[in-house]
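Trainee: Below you will find the structure I want to go over with you.
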Amino acid sequence: YGFLLEVPAGAVRLKEGCVVKVKACLPKTTPVGLRLLSAVYEITTPGSDQHPLGPVNVEIEHCAHIQQEDELKQLCFLTSAMGSSDSQSPLQLQKTKNLVGKFSPKSCYGSIRLTKFSFFGIFDDSSTEVIYSAKVYLQNESFIKKAIYFILLKYHTVHEKAIEKHYLPYSREEVSVQDVVFSDGSSQVKLNIEREQDYEGWKIWTNSHPLIISKRAVESFKPGKSPPECKVLAKASDGAENCLYHINLEGTEQPKSVTVNLSRNDGPIPQTGYSIWSKIVIVLFGFTALALLMHFLSSANLTAVGHCTSIESWRDADNF
């Protein structure tokens, strides 16, 4: 994104200057329910005083396509005081009455005058719906067999980390991420897929049908639990080539689809990972089996020694 900072003479101390950083560029790090149209910037100064001596003008680029004057009302600047956010939570941005941005039709830039250093960005204020994140993970189960996992969750840094931790032991790779908004009156998202089908030499099937994730399941998800997900399996037949497989979604505000690249593996067969609890169970089972084996061998040895002692005693009695 483009960025222009105009600092009038005397607005800041010449020796200190200004430092501009990109604080966020993904919706998951910004307030839920707002569409991010630009990067979120942070302006600071090396000094301890975060209030410039005079106002500074900022102009930043956004991705909205505004053609008419009446469409400008959907654009707004959100700002936040310094130190109001951290890396674990969304930025605490809000509207400020005395900080009104300026926008023009057919222009991809907006400008604002700041009287103190802060976070700021351009958002779409025309909608208040909650935006969800639709993610697709791919797991290689063999040379020719794939498992596709579709999950849906709210934008939240903690949720993102929980998902990554949940899928990491199974070597599942994130292959697609999309914004999803439930359509009016919809309480679920459905994957428009048949129970079983052939697609360009690949057999596609699912063990449960239809594949649905409800809004209630998404809203109630908490870290430490299994995320709401749908699983699709794909297996390549002889001669099947790499292809792109598309799955359409139903129940979303706008038509949405997810795409998965199905390809045969040329390398070694991937090893499916195990969770920490599975590893503990396997180790305990191994120790138990080893203990039983040692007990069996010990019992067999004692029995053999007893037999030998009886035979020697019989021979001694016969010689006597």
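Trainee: Any idea how many residues of the stretch 186-200 are of a type in the set (S, T, N, Q), closer than 17 Å to Thr259 by Cβ and touching a residue at least 12 places away in the same chain (Cβ under 8 Å)?
Mentor: Within the stretch 186-200, residues that are of a type in the set (S, T, N, Q), closer than 17 Å to Thr259 by Cβ and touching a residue at least 12 places away in the same chain (Cβ under 8 Å) number 1.
Trainee: Could you check the stretch 159-244 for strands (runs of 3 or more DSSP E) lying wholly inside it with 1 or more residues that are surrounded by fewer than 12 Cβ atoms within 10 Å (Cβ to Cβ)?
Mentor: Numbers: elements: 173-180, 188-192, 196-199, 202-205, 211-214, 229-236.
Once the strands (runs of 3 or more DSSP E) in the stretch 159-244 are filtered for at least 1 residues that are surrounded by fewer than 12 Cβ atoms within 10 Å (Cβ to Cβ), what remains is 173-180, 196-199.
Trainee: Looking at the stretch 151-162, can you tell me whether even one residue there is touching an Asp or Glu at 6+ places or on another chain (Cβ under 9 Å), aromatic (Phe, Trp, Tyr) and at pLDDT 75 or above?
Mentor: no
Trainee: In the list Gly306, Gly251, which residue meets the criterion of being open to solvent by less than 90 Å² (accessible area, probe 1.4 Å) and at pLDDT below 75?
Mentor: Gly306 is the lone residue from the list that is open to solvent by less than 90 Å² (accessible area, probe 1.4 Å) and at pLDDT below 75.
Trainee: Further, regarding this structure: Phe103 versus (1) at pLDDT 85 or above; (2) open to solvent by 20 Å² or more (accessible area, probe 1.4 Å); (3) more than 24 Å from Leu5 (Cα to Cα); (4) of a type in the set (Phe, Trp, Tyr): which is the lone unmet condition?
Mentor: (3)
Trainee: Another question, then. Can you find a residue in the stretch 39-51 that is of a type outside the set (A, V, I, L, M, F, W, C), modelled with pLDDT of 65 or more, over 15 Å from Ser118 (Cα atoms) and open to solvent by less than 30 Å² (accessible area, probe 1.4 Å)?
Mentor: no
Trainee: Which one is modelled with the lowest pLDDT among residues in the stretch 109-138 that are open to solvent by less than 50 Å² (accessible area, probe 1.4 Å) and over 24 Å from the mean Cα position of the chain (by Cα)?
Mentor: That would be Phe117.
The values are calculated or read from the model by the stated rules, or taken from the named source; none is laboratory data. Every value quoted in this text rests on a predicted model; they were computed, and no experiment measured them. Cβ atoms come from the backbone with ideal geometry, glycine included; neighbour counts cover every protein chain shown. Surface areas here come from the heavy atoms of the whole protein model, side chains and all, with no ligands, DNA or RNA. Shrake-Rupley method; radii C 1.70, N 1.55, O 1.52, S 1.80 Å.
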